[in-house]
Amino acid sequence: MRIIVCKGKRAQGEAAAALFAAQILRKADCVLGLATGSTPLETYAALTAMYERGALDFGAVRSFNLDEYVGMKPDQEQSYFRFMYENLFSKVNIPQGNYFLPDGAAADVDAECARYEAAIEAAGGIDLQFLGLGHDGHIGFNEPADHFPLATHCVDLAEQTIEANKRFFASAEDVPRRALTMGIGTIMKARGIVLVVNGADKADITAKVLKGPVVPQVPASILQFHPNVTVILDEAAASKL
Ligand code: F6R
């Protein structure tokens, strides 16, 4: 595990973007694992800037996102599909049909999870996965549990996660209670992982994830066992290491 401590979110975004850019330059038709939320915004902005300068070509890139809310249609304002479209897909030349999210509006969520997992496999697996970190140690929407879920599945969101994500909704009551998420096994199969964490409010959980015991009650702690993880922190998130 490599740990990089940056001065601020912009520098973190540049560092993470450099890793994703290197991946795309090495393998034009690579498969990226992508995330939503506040954490990847600077990374997506840096990748967009590189694309605009002609340094990156997304023409053959494929991507799979970590998760989507259950019941959310792609065109709904708070859908993760819309987030990705507005913050990355519409800004670079990744072809429509090359980017995928779990279908939160699927009638049969279990069948959709199986289909999504199989689609990742069929694409050859994920070359480089972006991860943010939840305050309770979640990655994707794998909440603290008594086991590590293997494959893409449907989860009940923890109260803390609903609380953290209500900023994107009119109120906490409007936050969907369930989501489809890649499993811990899906994430661990990625050939490379970039974990980005910022802010003093994540200093305690960052220390537990990186230095504490590997336990499913702290889902991201499993990353200690992955052979190719780069952790990009800001000084605040690194302050309790
Ligand atoms: C998002 C995701 C989540 C977030 C995490 C941190 O697709 O899977 O695990 O990465 O909740 O969220 P932010 O970045 O908003 O602090």
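The values are calculated or read from the model by the stated rules, or taken from the named source; none is laboratory data. These figures come from a predicted structure and were not determined experimentally. In this analysis, Cβ positions are derived from the backbone assuming ideal geometry, glycine residues included, and neighbour counts consider all displayed protein chains. Calculation scope for accessible area: heavy atoms of the full protein, side chains included, ligands and nucleic acids excluded. Shrake-Rupley method; radii C 1.70, N 1.55, O 1.52, S 1.80 Å.
Quick check on the stretch 26-105: what are the equivalent-ellipsoid semi-axes from the Cα gyration tensor, as sqrt(5λ), descending, whole Å?
22, 14, 10
Could you work out the relative contact order of the chain? I mean the mean sequence separation of Cα pairs under 8 Å and 6+ apart, divided by the number of residues, in percent.
Relative contact order of the chain: 25 percent.
Within the stretch 112-155, what residues put their amide N at less than 16 Å from the label point 7 Å along the Cα-to-Cβ vector of ALA207?
136-137
What accessible area per residue comes out for the stretch 19-133, rounded to a whole number of Å², with a 1.4 Å probe? Don't skip to the end; give the middle numbers.
Values: 4800 Å² over 115 residues.
For the stretch 19-133, the per-residue accessible area is 42 Å².
Note down the relative contact order for the stretch 129-241 as a percent, whole number, built from C-alpha pairs under 8 angstrom at least six residues apart. It would help to have the intermediate numbers written out before the result.
Working: 211 pairs, mean separation 37.8, N = 113.
Relative contact order here is 33 percent.
Rounded to whole Å and sorted largest first, list the principal axis extents of the Cα atoms in the stretch 9-154.
43, 32, 30
Output the pairs from LYS91/LYS166; LYS208/LYS240; LYS9/LYS202; LYS7/LYS240; LYS7/LYS202 with a Cα-Cα distance over 19 Å in this structure; if there are none, say none. Mind dumping the intermediate values first?
Working: LYS91/LYS166 26 Å; LYS208/LYS240 9 Å; LYS9/LYS202 14 Å; LYS7/LYS240 16 Å; LYS7/LYS202 16 Å.
Pairs exceeding the cut-off: LYS91/LYS166.
Given a cut-off of under 8 Å on Cα pairs at least six residues apart, what relative contact order in percent is computed for the stretch 20-78?
Contact order relative to length: 47 percent.
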